[in-house]
Amino acid sequence: QVQLVESGGGLVQAGGSLTLSCSVSGSTFSDGVMGWFRQAPGKGREFLARIKWTGGIQYYADPVKGRFTISRDHAKNMVNLQMNSLNADDTGVYYCAYARGVTATETYEFPYWGQGTQVTVSS
(Lines give C-alpha, C1' and ligand atoms only; values in the text may rest on other atoms or scores of the structure.)
Protein backbone atom coordinates (compact mmCIF):
# COMPACT_ATOMS: atom_id res chain seq x y z
CA GLN A 1 0.00 0.00 0.00
CA VAL A 2 1.08 3.53 -0.77
CA GLN A 3 -0.38 6.57 0.94
CA LEU A 4 -0.20 10.01 -0.67
CA VAL A 5 -1.05 13.41 0.78
CA GLU A 6 -0.90 16.60 -1.27
CA SER A 7 -0.35 20.08 0.08
CA GLY A 8 0.50 23.56 -1.14
CA GLY A 9 -2.58 24.51 -3.12
CA GLY A 10 -4.18 27.92 -2.91
CA LEU A 11 -5.09 31.09 -4.73
CA VAL A 12 -2.50 32.71 -7.00
CA GLN A 13 -2.59 35.52 -9.52
CA ALA A 14 -2.05 34.86 -13.20
CA GLY A 15 1.64 34.88 -14.01
CA GLY A 16 2.52 33.75 -10.53
CA SER A 17 4.10 30.59 -9.17
CA LEU A 18 3.12 27.87 -6.74
CA THR A 19 4.77 24.71 -5.48
CA LEU A 20 2.74 21.63 -4.63
CA SER A 21 4.07 18.83 -2.47
CA CYS A 22 3.09 15.19 -2.14
CA SER A 23 4.08 13.20 0.92
CA VAL A 24 4.66 9.51 0.13
CA SER A 25 4.46 6.68 2.63
CA GLY A 26 4.22 2.91 2.37
CA SER A 27 5.91 0.50 -0.01
CA THR A 28 7.42 1.89 -3.19
CA PHE A 29 9.37 -0.03 -5.82
CA SER A 30 12.34 0.68 -8.05
CA ASP A 31 10.09 0.78 -11.12
CA GLY A 32 7.63 3.11 -9.44
CA VAL A 33 6.69 6.48 -10.83
CA MET A 34 5.04 9.46 -9.20
CA GLY A 35 2.64 11.44 -11.30
CA TRP A 36 0.80 14.73 -11.03
CA PHE A 37 -2.65 15.14 -12.55
CA ARG A 38 -5.12 17.99 -12.71
CA GLN A 39 -8.90 18.05 -12.89
CA ALA A 40 -10.43 21.30 -14.06
CA PRO A 41 -14.10 22.06 -13.29
CA GLY A 42 -16.34 19.93 -15.47
CA LYS A 43 -13.45 18.08 -17.09
CA GLY A 44 -11.68 14.76 -16.71
CA ARG A 45 -8.45 14.15 -14.89
CA GLU A 46 -5.47 15.27 -17.00
CA PHE A 47 -1.91 13.96 -16.82
CA LEU A 48 0.69 16.68 -16.21
CA ALA A 49 4.04 15.14 -15.30
CA ARG A 50 5.70 12.07 -13.90
CA ILE A 51 9.05 11.22 -12.35
CA LYS A 52 10.66 7.85 -11.84
CA TRP A 53 11.10 7.25 -8.13
CA THR A 54 14.55 5.75 -8.70
CA GLY A 55 16.67 7.65 -11.15
CA GLY A 56 14.51 10.75 -11.43
CA ILE A 57 13.70 10.55 -15.15
CA GLN A 58 10.96 13.10 -15.88
CA TYR A 59 8.24 13.35 -18.48
CA TYR A 60 5.82 16.23 -19.09
CA ALA A 61 2.59 16.77 -20.94
CA ASP A 62 2.81 19.44 -23.64
CA PRO A 63 0.54 22.02 -21.89
CA VAL A 64 2.95 22.30 -18.95
CA LYS A 65 6.30 21.61 -20.57
CA GLY A 66 8.70 24.45 -19.78
CA ARG A 67 6.44 25.87 -17.04
CA PHE A 68 6.16 23.02 -14.53
CA THR A 69 8.97 21.05 -12.92
CA ILE A 70 8.53 17.78 -11.07
CA SER A 71 11.13 16.67 -8.53
CA ARG A 72 11.48 14.11 -5.78
CA ASP A 73 13.21 14.15 -2.43
CA HIS A 74 14.04 10.65 -1.22
CA ALA A 75 15.20 11.86 2.19
CA LYS A 76 11.82 13.47 2.86
CA ASN A 77 9.77 10.96 0.84
CA MET A 78 8.19 13.79 -1.08
CA VAL A 79 7.46 14.73 -4.66
CA ASN A 80 7.07 18.36 -5.62
CA LEU A 81 5.54 20.18 -8.56
CA GLN A 82 6.93 23.65 -9.15
CA MET A 83 4.48 25.63 -11.29
CA ASN A 84 5.45 28.88 -12.98
CA SER A 85 3.68 31.31 -15.32
CA LEU A 86 0.30 30.14 -14.12
CA ASN A 87 -2.82 31.10 -16.04
CA ALA A 88 -6.56 30.61 -15.59
CA ASP A 89 -6.44 27.30 -17.48
CA ASP A 90 -4.28 25.89 -14.70
CA THR A 91 -7.16 26.16 -12.23
CA GLY A 92 -8.30 22.83 -10.86
CA VAL A 93 -7.78 20.13 -8.29
CA TYR A 94 -4.27 18.72 -8.40
CA TYR A 95 -3.61 15.11 -7.52
CA CYS A 96 -0.45 13.12 -7.03
CA ALA A 97 -0.51 9.45 -7.85
CA TYR A 98 1.74 6.40 -7.76
CA ALA A 99 2.12 3.60 -10.26
CA ARG A 100 4.48 0.84 -11.20
CA GLY A 101 5.68 1.09 -14.76
CA VAL A 102 7.88 3.89 -15.97
CA THR A 103 5.72 4.86 -18.96
CA ALA A 104 2.46 5.37 -17.07
CA THR A 105 0.48 8.47 -18.03
CA GLU A 106 -3.15 7.32 -17.97
CA THR A 107 -5.30 7.60 -14.86
CA TYR A 108 -6.19 3.88 -14.97
CA GLU A 109 -2.49 3.02 -14.72
CA PHE A 110 -2.18 4.70 -11.32
CA PRO A 111 -3.78 2.66 -8.52
CA TYR A 112 -2.81 5.00 -5.68
CA TRP A 113 -4.05 8.60 -5.37
CA GLY A 114 -3.97 11.43 -2.92
CA GLN A 115 -7.05 13.39 -1.92
CA GLY A 116 -6.16 16.39 -4.09
CA THR A 117 -5.38 20.04 -3.45
CA GLN A 118 -7.18 23.00 -5.02
CA VAL A 119 -5.30 25.52 -7.14
CA THR A 120 -7.13 28.62 -8.28
CA VAL A 121 -5.51 31.11 -10.64
CA SER A 122 -7.14 34.51 -10.74
CA SER A 123 -6.90 36.63 -13.88
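The values are calculated or read from the model by the stated rules, or taken from the named source; none is laboratory data. The structure displayed is predicted, hence computed values, not measured ones. All Cβ positions, glycine included, derive from the backbone under ideal geometry; neighbour counts span all protein chains shown. These accessible areas exclude ligands, DNA and RNA; they are computed on the full protein's heavy atoms, side chains included. Shrake-Rupley method; radii C 1.70, N 1.55, O 1.52, S 1.80 Å.
Miscellaneous remarks
- Estimated distance in nm for a label pair at K76 and D62, the labels positioned 7 Å out from Cα along Cα-to-Cβ: 3.3
- For the range 1-89, the solvent-accessible area of protein heavy atoms averages 50 Å² per residue (probe radius 1.4 Å; ligands and nucleic acids excluded).
- Virtual paramagnetic centre 7 Å along Cα→Cβ of S25, amide N under 17 Å, in the range 96-111: 96-98
- Whole-angstrom gap from the range 79-104 to the range 1-60, using each part's C-alpha centre: 4
- On full extension, the segment bounded by A88 and L11 gains 26.6 nm, given 0.36 nm per residue less the C-alpha separation.
- Using only side-chain charges placed at the Cβ, +1 for Lys and Arg and -1 for Asp and Glu, the dipole size of the chain relative to its Cα centre rounds to 140 debye.
- Among L18, Q39, Q58 - extreme Cα towards positive end, dipole of the chain, charges at beta-carbon: Q58
- Overall, the accessible surface of the chain at a probe of 1.4 angstrom is composed of carbon and sulfur to the extent of 48 percent.
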